[in-house]
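The values are calculated or read from the model by the stated rules, or taken from the named source; none is laboratory data. Quantities reported herein were computed from a predicted structural model and do not represent experimental measurements. Using ideal geometry, Cβ is built from the backbone for each residue, glycine included, and neighbour counts are taken over all protein chains shown.
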Amino acid sequence: MHLIDSHCHLDDDRFDADRDGVVARAAAAGIERIVVPATTANRWDKIRDLCAGNDAFYPAYGLHPWFVEQHQAAHLRDLDAWLERERPVALGECGLDFYNSRRDEKWQKRLFGEQLALAARHDLPVIVHARKAMDETIALLRRHAPARGGVVHSFAGSEQQARQLFDLGFRLGIAATVGFERARKLRAVVAAMPDEALLLESDAPDQPGAAHRGERNEPAYIVEHLEIMAELRQTDPETLAVTLNRNAERLFGL
Ligand SMILES: [Zn+2]
């Protein structure tokens, strides 16, 4: 089985000590291609170097809402130039996160809106992070979604929100949280959405599944929640893998 991990922070410092081992374990599990989204401007060069060294890694560049306090207006201008020069597979990750507070709401929305405009300008899809902000994310995408669409990664909304996003040209990245028994809403979304709507992702080193609670997450583990997704969709993992790979290939132009 061949799989694409559509969202893995392979540049994360938590992989520095054994990144080759992580990649080897992923390859042994069939994960042949990995999309690597960015978090802050000062890490773009690490991602570029990482992806330059391996044909199977695909970079995305952007300003992640978790790090809203580190971002500066100048980084948006830098991103514009960087996208022009590097031609990544996507802009990301970007978005809104009101989990901790809404203190930076205005700045978060400006960063997100301007990155959506940059994605349109550079004809790129976007990798979107939305936490405790799904309706506001959808509202911004309605106004500014780039023509190439994108993915709302580690989707955690309702089926209604999933359908609204899909209608806007967005796919839903499904992380290992789908394996949690309490994730009823997400399991219903995975069961109900059309084939074209879903992507598979680890979000490693974050978001380990139930079987790896407390551990660092790894791309190799996506095989485990692929099986759960296949069960929910009443198909077999091999068939679902073909569908999910095609979705990632189309979205990112792999
Ligand atoms: Zn991420």
Taking only segment 119-138 into account, find how many residues are among the β-branched types (Val, Ile, Thr) and in a strand (DSSP E or B). 3
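Please go through segment 140-167 and pick out each residue that is of a type in the set (S, T, N, Q) and in a helix (DSSP H, G or I). Step through it out loud before you land on a result.
Filtering segment 140-167 for residues of a type in the set (S, T, N, Q) gives 154, 158, 160-161, 164.
Within segment 140-167, Gln160, Gln161, Gln164 meet the criteria.
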Out of all the residues in segment 160-182, which are small (Gly, Ala, Ser) and either modelled with pLDDT under 95 or buried (at least 20 other Cβ atoms within 10 Å of the Cβ) (or both)? Ala162, Gly173, Ala175, Ala176, Gly179
Among the candidates Gly149, Gly209, residue that is in contact (Cβ under 8 Å) with a residue 40 or more places away in the chain and either within 18 Å of Val35 (Cα to Cα) or within 16 Å of the ligand (Cβ to nearest atom) (or both): Gly149
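Which of the residues that make up segment 207-254 are acidic (Asp, Glu) and over 30 Å from Leu124 (Cβ atoms)? Talk me through it step by step, then tell me what you get.
Let us first name the residues in segment 207-254 that are acidic (Asp, Glu), namely 215, 218, 224, 227, 231, 236, 238, 249.
Residues satisfying the conditions are Glu215, Glu224, Glu227, Glu231, Asp236, Glu238.
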Among the residues of segment 3-13, the number that are in contact (Cβ under 8 Å) with a residue 60 or more places away in the chain and within 13 Å of the ligand (Cβ to nearest atom) is 7
Is it fair to say Arg216 is closer than 22 Å to Val35 by Cα, basic (Lys, Arg), within 16 Å of the ligand (Cβ to nearest atom) and loosely packed, with under 15 Cβ neighbours inside 10 Å? yes
Pick from segment 184-224, criterion at pLDDT 95 or above and polar (S, T, N, Q), ranking: nearest to Gly169 (Cα to Cα): Ser202
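Look at Leu116 and say whether it is under 18 Å from Leu172 (Cα atoms), away from the ligand (no atom under 16 Å from the Cβ), in a loop (DSSP other than H, G, I, E, B) and touching a strand residue (DSSP E or B) at 6+ places or on another chain (Cβ under 8 Å). First the steps, then the outcome.
Working: under 18 Å from Leu172 (Cα atoms): yes; away from the ligand (no atom under 16 Å from the Cβ): yes; in a loop (DSSP other than H, G, I, E, B): no; touching a strand residue (DSSP E or B) at 6+ places or on another chain (Cβ under 8 Å): yes.
No; evaluated as a whole, the condition is false for this residue.
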With the condition kept exactly as written, say whether any residue in segment 80-95 is within 12 Å of the ligand (Cβ to nearest atom), touching a residue at least 60 places away in the same chain (Cβ under 8 Å), surrounded by 15 or more Cβ atoms within 10 Å (Cβ to Cβ) and farther than 16 Å from Pro125 by Cβ. no
